[in-house]
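Report on the following structure.
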Amino acid sequence: QVQLVESGGGLVQPGGSLRLSCAASGSSASIYTMGWYRQAPGKQRELVAVIFTTGSTNYADSVKGRFTISRDNDKNTVYLQKNSLEPEDTAVYYCNARMLSLCYWGQGTQVTLPP
C-alpha cells in the first residue's frame, strides 16, 4: 500500500507559476503510474497529467505546453510544474498512483486563482 501527500498549493495570480509535490510512502512510487487530477467546484474530477513507469507522459489538452509532470524516484516524489496559470486552473489537485487493480489517492491540495 502507498500513502500520498500533496503539497505546494495556494493562491497565485494569473500568469504565475506553482510547483505541486506528491510525496509517496509505504511503497516505492517508481513501480506505479503516477498522475495528477483536479476537481473544480461543481465539476467532475479530471486527469491533468500522467507519468508512466517508463518516464513517458501524457497531458490533458487544456494544460499542454503549460504544465510538466516529473518524478524523482530517489525522493519517491512526483511533481507538477504549472506555468502560465489561468483562472480556469482553480481546483483541488489530487495525486494518484495506479498499478494493475491498485489505485491510491492523496488528500488533495487547493490551487486558487482570482477570476
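The values are calculated or read from the model by the stated rules, or taken from the named source; none is laboratory data. This one's a predicted model, so the numbers in the text were calculated from it and none came from an experiment. Cβ: placed from backbone, ideal geometry, glycine included. Neighbour counts: every protein chain shown. Just so you know, the surface numbers come from the protein's heavy atoms only, side chains and all, with ligands and any DNA or RNA stripped out. Shrake-Rupley method; radii C 1.70, N 1.55, O 1.52, S 1.80 Å.
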Q) Is at least one residue of the range 2-9 part of a loop (DSSP other than H, G, I, E, B) and modelled with pLDDT of 95 or more? A) yes
Q: Run down Lys75, Lys43 and say which single residue is basic (Lys, Arg) and over 17 Å from Leu4 (Cα atoms).
A: Lys43
Q.
Of everything in the range 73-105, what is open to solvent by less than 10 Å² (accessible area, probe 1.4 Å) and either of a type outside the set (Lys, Arg) or in contact with a His (Cβ under 9 Å, 6 or more places away or on another chain) (or both)? Give them in sequence order.
A. Val78, Leu80, Leu85, Asp89, Ala91, Tyr93, Cys95, Asn96, Ala97
**Q.** Count of residues meeting criterion [modelled with pLDDT of 95 or more and either surrounded by 15 or more Cβ atoms within 10 Å (Cβ to Cβ) or farther than 13 Å from Ser7 by Cβ (or both)] in the range 106-115
**A.** 5
Q | Counted residues, the range 13-36 - those being open to solvent by less than 60 Å² (accessible area, probe 1.4 Å), modelled with pLDDT of 95 or more and farther than 20 Å from Leu47 by Cβ | A | 3
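Hand me the list of strands (runs of 3 or more DSSP E) wholly inside the range 13-115 holding 1 or more residues that are small (Gly, Ala, Ser).
In the range 13-115, 18-25, 33-39, 46-51, 67-72, 91-99 are the strands (runs of 3 or more DSSP E) which contain 1 or more residues that are small (Gly, Ala, Ser).
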Q) Do any residues in the range 22-44 that are on the phi < 0 side of the Ramachandran plot have Cβ atoms under 7 Å from those of residues that are among the acidic types (Asp, Glu) and surrounded by fewer than 21 Cβ atoms within 10 Å (Cβ to Cβ), where the two are at least six apart or on different chains, and which pairs are they? A) Tyr37/Glu46; Arg38/Glu46
Q: Could you give me the residue pairs with C-beta distances under 8 Å whose first residue belongs to the range 97-115 and is without any contact (Cβ under 8 Å) to a residue 60 or more places away in the chain, whose second residue is surrounded by fewer than 18 Cβ atoms within 10 Å (Cβ to Cβ) wherever it lies, and which are 6+ apart or on separate chains?
A: Pro115/Pro87
Q) Only one of Ser7, Ser70, Ser56 is hydroxyl-bearing (Ser, Thr, Tyr), open to solvent by 30 Å² or more (accessible area, probe 1.4 Å), in contact with a strand residue (DSSP E or B) (Cβ under 6 Å, 6 or more places away or on another chain) and free of Cβ contacts under 8 Å to residues at least 60 places away in the same chain; which? A) Ser70
